[in-house]
Amino acid sequence: VSTVAHEVEITVEPAFSAIVNNTPVKLSGRTIPFHETRKTVFDILVFNLNIPEYLAYFPDLGSLKLNSGYLDITAVLGFEMQTGNKPAVTLNGDFSLKEIDIAEIQGESYLGIPQIDIKILDSKPLEQDFHLEAVSLREPELLLRRSSDGDILPLTLLPGNTATRQPDKTPPETELPL
């Protein structure tokens, strides 16, 4: 790495590899740190990330819980900053959710999905601009049930749901004589 003008094009290849909570994680990159664009690309590989282990870091999920779910990521995250422009972050890659099981806290499963595959192309996460090339859903199972008070479960179990049924306050129609 150098700040000498003729060595501005030198590429640095940072890498990180570890097993985090029994999940293999690998980051490898390529960057030109002294080039005017500061172009950087990271390859991200994550296999079998156990999602429920990390839900403690998220807001309350209401009366539902994720019993199981695993995430695989094979993606490329890019960064570039042209002089006079805002930094640009790009994302391309494949994301797979596997063995998804969402249940009521008391135990009844409402949603089971063996696998969801999502392919993202030319997306710009900082601009909330995402382009999906493909979404594949394999053999989903959804249980909907109406409770004795007319609510549809699990929809009423979602956090912030105020969709409980209210009694009808309109008076019944009466016939008027002609």
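Taking the criterion of being without any contact (Cβ under 8 Å) to a residue 40 or more places away in the chain and not charged (D, E, K, R), the residues of the range 52-62 that qualify are Pro52, Tyr54, Leu55, Ala56, Tyr57, Phe58.
Candidates in the range 70-110 are the residues that are of a type in the set (Gly, Ala, Ser) and assigned to a loop (DSSP other than H, G, I, E, B); of these, the one that is farthest from Asn22 (Cα to Cα) is Gly84. One residue stands out in the range 51-69 among those that are part of a strand (DSSP E or B) and open to solvent by 40 Å² or more (accessible area, probe 1.4 Å): the one that is modelled with the lowest pLDDT, namely Lys65. Among the residues of this structure, Gly84 does not count as one that is at pLDDT 90 or above and among the small types (Gly, Ala, Ser).
Looking at Glu133, is it open to solvent by 100 Å² or more (accessible area, probe 1.4 Å), at pLDDT 60 or above and in contact with a Lys or Arg (Cβ under 8 Å, 6 or more places away or on another chain)? Considered against the rule, which asks whether it is open to solvent by 100 Å² or more (accessible area, probe 1.4 Å), at pLDDT 60 or above and in contact with a Lys or Arg (Cβ under 8 Å, 6 or more places away or on another chain), Glu133 comes out as yes. Candidates in the range 111-129 are the residues that are in contact (Cβ under 8 Å) with a residue 12 or more places away in the chain and outside any strand (DSSP E or B); of these, the one that is least open to solvent (accessible area, probe 1.4 Å) is Pro125. I need the full set of residues from the range 31-45 which are modelled with pLDDT under 90, open to solvent by 60 Å² or more (accessible area, probe 1.4 Å) and at negative phi, in order please. Of everything in the range 31-45, those that are modelled with pLDDT under 90, open to solvent by 60 Å² or more (accessible area, probe 1.4 Å) and at negative phi turn out to be Phe34, Glu36, Lys39.
The values are calculated or read from the model by the stated rules, or taken from the named source; none is laboratory data. Quantities reported herein were computed from a predicted structural model and do not represent experimental measurements. Methodologically, a virtual Cβ is constructed for each residue, glycine included, from the backbone with ideal geometry; neighbour enumeration extends over all protein chains shown. In case anyone asks, the SASA skips ligands and DNA or RNA and just uses the protein heavy atoms, side chains included. Shrake-Rupley method; radii C 1.70, N 1.55, O 1.52, S 1.80 Å.
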